[in-house]
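Note sheet for the following structure.
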Amino acid sequence: MFECRWWSKETIAIVTGANKGIGFALVKRLAELGLTVILTARDVERGQRAVESLSEKGLPVNFFQLDVSDPSSIEAFVSWFKSNFAALDILVNNAGVSFNDIYKNTVEHAETVIRTNFYGAKLLTESLLPLFRRSPSKSRILNISSRLGTLSKVRNPNIKSILEDEELSEEQIERFVGLFLQSVKNGTWKSQGWPEIWTDYAVSKLALNAYTMVLAKRYEGEGISVNSYCPGFTQTSMTQGQGSHTADEAADVGARLLLLHPQQLPTAKFYIGLDPFVKSNL
C-alpha cells in the first residue's frame, strides 16, 4: 500500500474525537504503521478505555482529554503537548457532533454543532500551527468532513456567493456562519436556501471545507499540506450503525491520504469516499 515509508516513530500525529468510530480506527491504523499517536477525547473515561483497548493489542498510544468546543480545554491540551513533544507532524480534525437522526432534520443545537465542528477545529488548528515541524516531508492537516458540506447544497445564490469569492477570507467564512445562526434564531432558516439535509451539520462542514481552502492557500509552499476528507456513509454511532462500509475501511483510506509520499502530497483537495484519488476542488 505504501511505496515509500518516509515516517518513523518520531512522526507525531494527533487525532481528535478518537475514542470511537473513524477517529479510533484511524488512531489504531497509524499506531499499527509505527507513528507516535495522540488520541484525544472529550470524555476522560471513554478515552482511557480506548487507549487501554489498543494497549491490549500491543499498540501503545498517548492520551489527553480535549473538548474542542471549549477554548480552555484547547489551551490546556496545547500546553501539555508543548511540554511533552518537540514538534507536530500530523493533525486530524475528526471531532464532531450531530444531533440529527438519519431521516430527521433539526437545528435545535445549531450553535453547539457550529462551535464544535467548525470553530473548535479552527481554534485547535490555529493554536497548533506554530508547533508544526515544517519538515521536507511536509506537515499534514486532514479535516474529516462530509459531502453535505459542498457548495452545491446551498440553494441561495446570495449566500453561496460568499464562499465562492476567489479571495475568500476567514472573516467571510465567519460571516457565512453568522448569517446561518441568525436565520436559525429568526426562524427563517427553512426558507433561506440553506442545505436541506442535516442543515446545521452541513453548514458546519461547509465552513470547515472553506477554511481548509483558506488555510491551504495561506501555507502553500511553506511545508504544511491541508486537505479535507469525506469518508462517505460509514457505520458509526452518528449514523446509528448504518452505512456502506466500516470505520476501519474509512480509516485505512484516511491513513493512505495522511501518509502519501511528500512528492505526491497535494494541498487544498477534497477527497470523497473509499477511493483516495477521487478528489475535487470545492
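For a quick check of your reading of the model, give me the residue pairs whose first member lies in segment 93-114 and is in contact (Cβ under 8 Å) with a residue 40 or more places away in the chain and within 29 Å of Val37 (Cβ to Cβ), whose second is of a type in the set (Lys, Arg) and open to solvent by 20 Å² or more (accessible area, probe 1.4 Å), with beta-carbon atoms closer than 8 Å and at least 6 apart or on different chains.
From segment 93-114, the pairs are Ala95/Arg42.
Select from segment 1-23 the residues that are more than 18 Å from Ala121 (Cβ to Cβ) and not charged (D, E, K, R) and list them in ascending order.
Met1, Phe2, Cys4, Trp6, Trp7, Ser8, Thr11, Ile12, listed by residue number.
For Phe24, only one of the following conditions fails: (1) of a type outside the set (D, E, K, R); (2) more than 13 Å from Asp248 (Cβ to Cβ); (3) touching a residue at least 40 places away in the same chain (Cβ under 8 Å). What is its number?
The single condition Phe24 does not satisfy is (2).
Among (1) β-branched (Val, Ile, Thr); (2) closer than 22 Å to Ile14 by Cβ; (3) at pLDDT below 95, which single condition is Thr150 missing?
Exception for Thr150: condition (2).
Keeping to segment 37-58, report how many residues are open to solvent by 20 Å² or more (accessible area, probe 1.4 Å) and either over 13 Å from Lys20 (Cα atoms) or over 19 Å from the mean Cα position of the chain (by Cα) (or both).
Residues flagged as open to solvent by 20 Å² or more (accessible area, probe 1.4 Å) and either over 13 Å from Lys20 (Cα atoms) or over 19 Å from the mean Cα position of the chain (by Cα) (or both) within segment 37-58 amount to 12.
What residue, of Val92, Val107, is surrounded by 21 or more Cβ atoms within 10 Å (Cβ to Cβ) and in a loop (DSSP other than H, G, I, E, B)? Show your work before the answer.
Values: Val92 fails: in a loop (DSSP other than H, G, I, E, B).
Exactly one of Val92, Val107 is surrounded by 21 or more Cβ atoms within 10 Å (Cβ to Cβ) and in a loop (DSSP other than H, G, I, E, B), namely Val107.
Sort through Lys28, Lys82 and tell me the only one that's within 26 Å of Lys122 (Cβ to Cβ) and in a helix (DSSP H, G or I).
Lys82
Working carefully through the options Ala210, Ala255, Ala202, find the one that is part of a helix (DSSP H, G or I), more than 21 Å from Arg115 (Cα to Cα), modelled with pLDDT of 85 or more and among the hydrophobic types (A, V, I, L, M, F, W, C).
Ala255
Could you check segment 129-162 and list, in sequence order, the residues that are touching a residue at least 60 places away in the same chain (Cβ under 8 Å), touching a helix residue (DSSP H, G or I) at 6+ places or on another chain (Cβ under 8 Å) and assigned to a helix (DSSP H, G or I)?
Gly149, Leu151
Based on this model, can you work out whether Ser137 counts as at pLDDT below 95, of a type in the set (S, T, N, Q) and either open to solvent by less than 40 Å² (accessible area, probe 1.4 Å) or under 30 Å from Ile12 (Cβ atoms) (or both)?
Taking the combined requirement at face value, the residue satisfies it.
The values are calculated or read from the model by the stated rules, or taken from the named source; none is laboratory data. Since this is a predicted model, take the numbers as computed values, not measurements. Please note: Cβ atoms are built from the backbone with ideal geometry, for glycine as well, and neighbour counts cover all protein chains shown. Accessible surface is based on the protein model in full, side chains and every heavy atom, while ligands, DNA and RNA are left aside. Shrake-Rupley method; radii C 1.70, N 1.55, O 1.52, S 1.80 Å.
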